[in-house]
Amino acid sequence: MQEITLHNPLDMHLHLREGEMLKNIIDFTTSQFCGAVVMPNLTTPITTTKLALQYKQEILQNSKDKNFMPFIALYITDTLDEEELVLARNNGLKILKLYPKGATTNSQNGLDEILTPRTLKIFEIAQKLGFILSIHGESNGFCLDREYEFGKIFAKIAQTFPKLKIIIEHMSDYRSIDLLETYENIYATLTLHHITMTLDDILGAGLRPHHFCKPILKTPKDRDMLLNLALQAHPKVSFGSDSAPHLEKNKLKDNAPGGIFSAPMILCALADLFEKHGKLENLQAFVSDNAKQIYNITNLKSKEIKLQRKHAWIPTQIKLIQNNLIPLNNGTMVEWSPI
Ligand code: NCD
Ligand code: ZN
């Protein structure tokens with residue numbers, strides 16, 4: 001039977017949540033990946049080093065793989081200062097996450113305005129200390145143009161701080177690709193859903209709330225151009241699932257939150273996708289090597305994930321005490337499965 005081995009797969013954008021939810025979802029990631037960039041938008045956001053270290057403990061306590069490496073991103077708020085940044089860096093944190101206020105789930109503590117003297121100072125210190133700046137780059141304009149409109153802010157930060165590495169998180173608009181080509185210090189993460197789906201998967205037939213996420217899925221052209229970046233494992237992109245679970249009952253109510261729960265079997269789904277396009281040989285770079293380069297990751301404990309070409313099924317639902325989670329492509333078959 002055909003097999004592939006992936007060395008040290010990394011998920012560079014992941015929501016693990018906390019408490020009950022964390023306990024129920026963490027294995028989906030730790031069974032497939034050796035590490036992940038864990039997002040700080042909890043109900044009490046991770047805005048200090050102390051909270052980040054506590055959260056890291058909670059993750060490791062609940063992880064079967066004790067070598068799993070959670071890279072906790074520190075949430076940028078109006079009160080973040082140099083002292084806290086130095087403390088964070090001294091405690092091994094290296095990623096800052098910028099949310100524009102109101103752009104997505106638990107972003108109320110995010111920044112109202114991005115290019116203020118105060119935040120420019122934060123970026124300057126971040127550059128000096130060697131942080132990576134991950135940005136949820138969306139304006140508050142028309143939903144299909146939000147990422148594009150934010151582009152000028154990416155350009156301005158990249159020009160002003162040429163040594164600061166900036167990540168366009170979950171790139172969703174083909175018009176952002178220009179930024180990768182123009183600025184040496186701009187990179188991106190790509191999700192599975194933005195490279196395989198479009199707005200039609202939310203609105204084209206019946207309404208599919210489980211496919212609603214931020215940034216919103218876009219056009220076939222956006223999908224295809226981003227897919228192409230992934231398939232060629234463009235050196236400036238790495239895989240970040242943006243797996244973002246919400247309880248089914250919340251996804252079905254009015255004013256439902258964005259977020260697609262894609263973690264279950266996602267590496268197998270990626271193998272399917274790359275194989276279908278004759279690019280299986282580029283999967284290793286997309287899910288690991290590029291990220292190691294971009295984020296300067298050198299201290300991973302070696303982990304090999306073997307997949308076999310034998311079909312398996314994505315679970316239809318994950319039952320939690322209070323309610324269910326519905327995974328992306330639930331109940332469908334993937335051609336690859338873990339050994
Ligand atoms: C994420 C979440 O639910 O935390 N939602 C989403 O639609 N992607 C937050 C985010 O990454 O925007
Ligand atoms: Zn996210």
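Any read-out appearing in this document is the output of simple, stated calculations on the displayed coordinates, not a laboratory observation. Everything numeric in this text was worked out from a predicted model, so none of it was measured. Note: ideal-geometry Cβ built from the backbone for every residue, glycine included; neighbour counts use all protein chains shown.
Shape call for the stretch 52-137 from the C-alpha gyration tensor, a ≥ b ≥ c root eigenvalues: rounded (a/c under 1.5), prolate (a/b greater than b/c) or oblate? Walk me through the numbers on the way to the answer.
On the way: a/c = 2.49, a/b = 1.50, b/c = 1.65.
Cα axes put the stretch 52-137 in the oblate bin.
Which three lengths, in whole Å and largest first, does the chain cover when its Cα atoms are put on their principal axes?
So the three principal-axis extents are 56, 42, 42 Å.
Around Ala269, with a cut-off of 13 angstrom between Cβ atoms, what is the net charge of the other residues, counting Lys and Arg +1 and Asp and Glu -1? Display every interim value, and only then the final one.
On the way: positive: Lys276; negative: Asp11, Asp272, Glu275, Glu335.
Neighbourhood net charge equals -3.
Using only the alpha-carbon atoms, what does the stretch 255-339 span along each of its principal axes? Please give whole angstrom values in decreasing order.
Rounded to whole Å, the extents work out to 40, 30, 25 Å.
Report the local net charge at Ile318: Lys and Arg +1, Asp and Glu -1, summed over other residues whose C-beta lies under 15 Å from its C-beta.
Values: positive: Arg17, Lys23, Lys249, Lys251, Lys319; negative: Glu20, Asp27, Glu248.
Once all neighbours under 15 Å are counted, the net charge is +2.
Give the cross-link partners of Lys276 among the lysines, using a straight C-alpha distance below 25 Å as the criterion and excluding same-chain residues fewer than 8 apart.
Those lysines meeting the cut-off are Lys218, Lys221, Lys236, Lys306, Lys310.
Could you please report the charge total around His15, scoring K, R as +1 and D, E as -1 over all other residues with beta-carbon less than 13 angstrom from its beta-carbon?
Details: positive: Arg17, Lys97, Lys214; negative: Asp11, Glu18, Glu169, Asp242.
Summing Lys/Arg as +1 and Asp/Glu as -1 gives -1.
Whole Å is fine, so just give me how far the alpha carbon centre of the stretch 224-287 lies from that of the stretch 53-108.
First find each Cα centre; the distance between them is then 22 Å.
Pairs of alpha-carbon atoms within less than 8 angstrom and 6+ residues apart define the contacts here; what relative contact order does the stretch 179-274 have, in percent?
Values: 110 pairs, mean separation 29.8, N = 96.
Computed over the stretch 179-274, the figure is 31 percent.
What shape does the stretch 182-273 have by the C-alpha gyration tensor, where a ≥ b ≥ c are the square roots of the eigenvalues, rounded means a/c under 1.5, and otherwise prolate means a/b greater than b/c and oblate the rest?
On the way: a/c = 1.86, a/b = 1.72, b/c = 1.09.
Since a/c reaches 1.5 and a/b is larger than b/c, the shape of the stretch 182-273 is classed as prolate.
Any aspartates and glutamates with Cα under 20 Å of the Lys251 Cα? List them, leaving off those in the same chain fewer than 8 positions away.
Of all the aspartates and glutamates, those that pass the test against Lys251 - Cα under 20 Å, at least 8 places apart if same chain - are Glu18, Glu20, Asp200, Asp201, Asp242.
Using a Gaussian network model on the chain with a 10 Å cutoff between Cα atoms, which of Ser134, Ser241, Ser31 fluctuates the most?
Ser31
Using +1 at the C-beta of Lys and Arg and -1 at the C-beta of Asp and Glu, which of Gly102, His136, Ile122 has the Cα lying farthest in the positive direction of the dipole of the stretch 88-181?
Ile122
What's the FRET efficiency of His7 with Lys276 using the Cβ-Cβ distance as r and R₀ = 30 Å, to the nearest 0.05? Mind dumping the intermediate values first?
Values: r = 22 Å, r/R0 = 0.74.
Computed FRET efficiency for His7 and Lys276 comes out at 0.85.
Exposure proxy check: Thr189, Thr316 ranked by fewest other beta carbons within 10 Å?
Working: Thr189 24, Thr316 11.
Placing the least packed residue first, the sequence is Thr316, Thr189.
How many times 2.2 N^0.38 Å is the alpha carbon radius of gyration of the stretch 1-88?
Details: Rg = 14.6 Å, N = 88, 2.2 N^0.38 = 12.1 Å.
The reported ratio for this selection is 1.21.
Which peptide among 152-160, 325-333 comes first, and what is the full order, when sorted by highest mean count of other Cβ atoms within 10 Å?
So the order, starting with the most tightly packed, is 325-333, 152-160.
Which one, Leu307, Leu270, Ile294, is farthest towards the positive end of the dipole of the stretch 268-318 when Lys and Arg carry +1 and Asp and Glu -1 on their Cβ?
Leu307
Filter the trypsin sites (Lys or Arg not before Pro) in the stretch 241-295 to those in DSSP coil with at most 13 other Cβ atoms within 10 Å of their Cβ, and list the result.
Values: sites: Lys249, Lys251, Lys253, Lys276, Lys279, Lys292; in loops: Lys253, Lys279.
When the trypsin sites (Lys or Arg not before Pro) of the stretch 241-295 are filtered for loop state and at most 13 Cβ neighbours within 10 Å, Lys253 remain.
Expressed as a rounded percentage, what relative contact order does the stretch 1-135 have, with Cα pairs under 8 Å and six or more residues apart? Let's see the in-between values first.
On the way: 196 pairs, mean separation 28.6, N = 135.
Relative contact order here is 21 percent.
Obtain the nm distance between the two label points defined at Lys319 and Ile153 by a simple spin-label model: each point lies 7 Å from its Cα along the Cα-to-C-beta direction.
In this crude label model, Lys319 to Ile153 measures out at 4.3 nm.
Please check: in the Gaussian network model of the chain (C-alpha springs, under 10 Å), which one of Gln284, Gln127, Gln57 has the largest mean-square fluctuation.
Gln57
About the Cα centre of the chain, what is the dipole size in debye to 20, counting +1 per Lys and Arg Cβ and -1 per Asp and Glu Cβ, all else neutral?
Values: 37 positive and 37 negative charges, 110 e Å.
Taking the Cα centre of the chain as origin, the dipole is about 540 debye.
Compare the peptides 297-305, 34-42 by average per-residue count of other Cβ atoms within 10 angstrom and give them in order, highest first. Show your work: numbers first, answer last.
Working: 297-305: 12.9, 34-42: 25.0.
Highest-to-lowest ranking by the protection proxy: 34-42, 297-305.
Hey, what number do you get for the chain at 222 nm if only DSSP H runs of n ≥ 4 count, each worth -39500 (n - 2.57), divided across all residues, to the nearest 500? Each step should come with its number before you reach the end.
Working: 12 runs with 109 residues, N = 339.
Here the helix-only value at 222 nm equals -9000 deg cm²/dmol.
Using a Gaussian network model on the chain with a 10 Å cutoff between Cα atoms, which of Leu164, Leu199, Leu267 fluctuates the most?
Largest GNM mean-square fluctuation: Leu199.
Is the stretch 101-185 best put as rounded, prolate or oblate by its Cα gyration tensor, with a ≥ b ≥ c the root eigenvalues, rounded for a/c under 1.5, and otherwise prolate when a/b is larger than b/c, oblate when not?
Working: a/c = 1.90, a/b = 1.17, b/c = 1.62.
Cα axes put the stretch 101-185 in the oblate bin.
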